[in-house]
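Let me begin by presenting the structure, written as structure tokens, before commenting on it.
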Amino acid sequence: MGDVAESGQPGRPGRPRDPSLEPRVVAAALAVYAESGWSGFNFEAVARRAGVGKAPLYLRWSSKEDLLLAAFNAHTQAITIRDTGNLRDDLIAYSCRLLDSEARPDGLAWLRLHLEAGVIPALHATFSSQISSPHVEGARALLNGALKRGDLPAGSPADLLLDSLYGAVLIKVLLSPPGERARLSAHPLGYAEPIVDFVLCAMAGASRRHRQARDPGSVPIADA
């Protein structure tokens, strides 16, 4: 009796929250947006793709903008950036995660968002400031740590190295047919390893040429 008097009417147990619902919904949100763009993106289409009712979506997200941002956030957080102290291995692992993620059918959603920046400028700006830019800063911190350790030549342009990796991944994904993209996602190491080696080798060569340009009398260092 005391418990009832303190709390009023005894509460009725609600239905337990399905732990698989949110991952299914955010995956469906990316897939719907990748296929249909902003004009075809809505709660009904996402719920149908996820195989759930619309009510749980309205309870968790106040708008379709919030839902899409949540989906992009979950997608980006899965592309982890680790600094083990071995730059080559860390870049290969990072590139593998990029390829695995972006080569999937829903991975093209982020590209569509950039292409539709003029249609949904506020959403694109929020995505850039809250999700994209912090992720790139994490990758840049990895390169800055390598510069401090001397794993990269002094003065190496971290942004250019990242642009080279991102550009290689983007072009590979965009120009590959669906079957090849599926293989990239399942086995990314075969492309990630040579592209990282190529970029690091190019960076070292550019640094040598820069030193030689500043000191024409220096003897070129032969490649190992």
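Computed from the coordinates by the stated procedures, all read-outs in this text should not be read as laboratory data. All values derive from a computational prediction rather than experimental measurement. Every residue, glycine among them, receives a Cβ derived from its backbone with ideal geometry; neighbour counts consider all protein chains shown.
Rounded to the nearest whole angstrom, the semi-axes of the ellipsoid equivalent to the range 18-77, taken from the Cα gyration tensor as √(5λ), stand at 15, 13, 11, largest first.
Taking label points 7 Å from Cα along the Cα-to-Cβ direction, E193 and R24 give a separation of 3.9 nm. Only Cα sites of the range 80-211 enter the Debye sum here, all with the same form factor; the resulting log10 I(q)/I(0) across q = 0.12, 0.20 1/Å is -0.51, -1.20, listed in q order.
Given R₀ = 25 Å, FRET efficiency for A55-E35 by Cβ-Cβ distance, to 0.05? That gives a FRET efficiency of 0.60. The residues neighbouring L170, those whose beta-carbon lies less than 14 Å from its own, together hold a net charge of +1 under the Lys/Arg +1, Asp/Glu -1 convention.
Normalised by the number of residues in the range 80-211, the mean separation of alpha-carbon contacts (under 8 Å, six or more apart) gives a relative contact order of 41 percent. With each label modelled as a point 7 angstrom along the Cα→C-beta vector, the R112-K148 pair spans 4.0 nm. For T80 and R183, the FRET efficiency from 1/(1 + (r/R0)^6), where r spans their Cβ atoms and R0 equals 22 Å, is about 0.50. The modelled label-to-label distance between E65 and S176, using points 7 Å beyond Cα along the C-beta direction, is 3.5 nm.
Once the Cα-Cα distance is subtracted from the 0.36 nm per residue extended length, the N42 to Q130 segment shows a gain of 29.5 nm.
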